[in-house]
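Student: One structure follows; several queries about it will come next.
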Amino acid sequence: MVRHVLEAATRLKPAKVIGVVAPGATAVAAAFAPHPTVVQDRPLGTAHATKAALGQLKGHSGPVLVVFGDAPLITAATMRALLAACAAGKAAVGVLGFRAADPTPYGRLIMKDDELEKIVESKDAVGAERDVDFCNSGVMCIDGALIASLLGAIRNDNAKGEYYLTDAVALARAQGHRTIAVEGDEEEFQGINSRAELAVAETSLQWRLRSAALEAGVTMTDPGTVWLAADTKLGTDVTIGPNVRFGLGVNVASNVQIKAFCDIEGGRIGKGAIIGPFARIRPGSEIAEDVHIGNFVELKATKMGRGAKANHLAYLGDSDIGAGSNIGAGTIAVNYDGYGKHRTVIGPDVFIGSNSSLVAPIKVGKGANVTAGSVITEDVPAGGLAFGRARQVTKKGRAAPLRAKLAARAAAARRAKKKK
């Protein structure tokens, strides 16, 4: 969640980004890297947390934007709008607000003559204040020349004994400064305090990502079943079937078809490729132009050369497949020997017959042919023809006696079972 907020904030090109974390929150602090963090020694409210960062703000007189790490859907555009409004209106304090479908749990932004008069907490709202649907997101822009004095004046004489950043509005107005509110979309300010709220935010993010992809020229036959990562890159005229999941680190070029029920993570897919249905692309895989990856084919750390095909029921792990090569159904790149992973290297224009096992480390040279059902344990030279299977034995007329013997054995077993 923190990384989402940081990505949005850094698009503003700020002079500095400072993270405020709780004691012992090493994983959260690591998420802020390379930006510095400070520790809020005790959880005494939002103003107390902001005050912890003052040491990092010495000499800074520009605006200070305070955002929350548990609200990852905020956009750079919305933060930029707040900063611009504060600059244009010469406001000491600016607050982002939203029109709430249900304002009950939120603080109300009380406006007067186009200025923010005060923020009233939900439990303190009375009369007409309860009907106000313009609510506080918590995101605030504060004049850097005034922030230290405003934070220093905030008191904790309230029921919770906490220092509320919202009090900065009243303090700034008491000193004769202007305070404003800028309206944003409620969806952007969803805070996440539970796994249920995380699921709701994920749904919102998915629709945002899907909408952006559709707008950019991607076709989805059933958008609600396509799951994207925040960093998924999709070229123009990509077509995505239903029930497709993209994990982190996927880059898809233009004119690619991704059919139903594919799972793709950490890979690159070249122009004009056809993927699926029911294909799995695992991290480290690179698929060149015009490659075909068919149903129930799995790639892991595998490079497919231009025009190569693996159309059915194959596992290609730690492999290099040359341009124009064809991988038959049921082929397995046997990459693990129980102790380490090894690589299979197949040259261009190679034909691998169905139900073949390629025991790595192994190389198959350009234009070679591996016959169906082979277990290949030695390198195959360019242009070579490799057989690696037991010789077939056929005994004429022996099928009927064998079937009679098997039927008698089954009947005897059934009789024995009835006696028990």
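Student: Say we look at region 137-165 and pick out the residues that are hydroxyl-bearing (Ser, Thr, Tyr) and not in a loop (DSSP other than H, G, I, E, B); which of these is surrounded by the most Cβ atoms within 10 Å (Cβ to Cβ)?
Tutor: SER137
Student: Then there's this: List the strands (runs of 3 or more DSSP E) that sit entirely inside region 28-136 and contain at least 2 residues that are closer than 21 Å to ASP167 by Cβ.
Tutor: Output list reads 63-66, 93-99, 108-112, 115-120.
Student: Also, I was wondering about something else. Looking for something among the aliphatic types (A, V, I, L, M) and more than 28 Å from PRO14 (Cα to Cα) - is there at least one such residue anywhere in region 67-77?
Tutor: no
Student: So the check is Cβ under 6 Å with 6+ separation or different chains; which pairs have a first residue in region 13-25 that's closer than 12 Å to ALA49 by Cβ and a second one that's outside any loop (DSSP other than H, G, I, E, B) and not aliphatic (A, V, I, L, M)?
Tutor: ILE18/GLN56; GLY19/PHE32; GLY19/THR37; VAL21/THR37
Student: Only one of these conditions is not met by MET304: (1) under 21 Å from SER374 (Cα atoms); (2) under 28 Å from the mean Cα position of the chain (by Cα); (3) free of Cβ contacts under 8 Å to residues at least 40 places away in the same chain. Which number is it?
Tutor: Unmet for MET304, out of (1) under 21 Å from SER374 (Cα atoms); (2) under 28 Å from the mean Cα position of the chain (by Cα); (3) free of Cβ contacts under 8 Å to residues at least 40 places away in the same chain: (1).
Student: Could you say whether any residue in region 186-198 is free of Cβ contacts under 8 Å to residues at least 24 places away in the same chain, of a type in the set (Ser, Thr, Tyr) and assigned to a loop (DSSP other than H, G, I, E, B)?
Tutor: Scanning region 186-198, I find at least one residue that is free of Cβ contacts under 8 Å to residues at least 24 places away in the same chain, of a type in the set (Ser, Thr, Tyr) and assigned to a loop (DSSP other than H, G, I, E, B), so the answer is yes.
Student: Moving to a separate point now. Could you go through region 67-79 and let me know if any residue there is without any contact (Cβ under 8 Å) to a residue 12 or more places away in the chain, over 21 Å from ALA170 (Cα atoms) and either in contact with a Leu (Cβ under 8 Å, 6 or more places away or on another chain) or β-branched (Val, Ile, Thr) (or both).
Tutor: no
Student: Here's something else I'd like to know. For region 224-241, which positions are of a type outside the set (S, T, N, Q) and over 18 Å from the mean Cα position of the chain (by Cα)?
Tutor: ASP237, VAL238, GLY241
Student: Next question. Counting just the residues of region 390-410 that are part of a loop (DSSP other than H, G, I, E, B) and among the basic types (Lys, Arg), which one comes out surrounded by the most Cβ atoms within 10 Å (Cβ to Cβ)?
Tutor: Per the stated criteria, the residue is ARG398.
Student: Scan region 354-365 and give yes if some residue there is assigned by TED's automatic domain parsing to the domain that holds GLY317, closer than 15 Å to ALA308 by Cα, within 36 Å of the chain's Cα centre (by Cα) and not acidic (Asp, Glu), otherwise no.
Tutor: no
Student: Now for a different question. Could you please find all residues in region 166-185 being in a loop (DSSP other than H, G, I, E, B) and either touching an Asp or Glu at 6+ places or on another chain (Cβ under 6 Å) or more than 20 Å from ALA71 (Cβ to Cβ) (or both)?
Tutor: Result: GLN175, GLY176, HIS177, ARG178.
The values are calculated or read from the model by the stated rules, or taken from the named source; none is laboratory data. Values in this document were obtained by computation on a predicted structure and should not be read as measured data. Cβ: placed from backbone, ideal geometry, glycine included. Neighbour counts: every protein chain shown.
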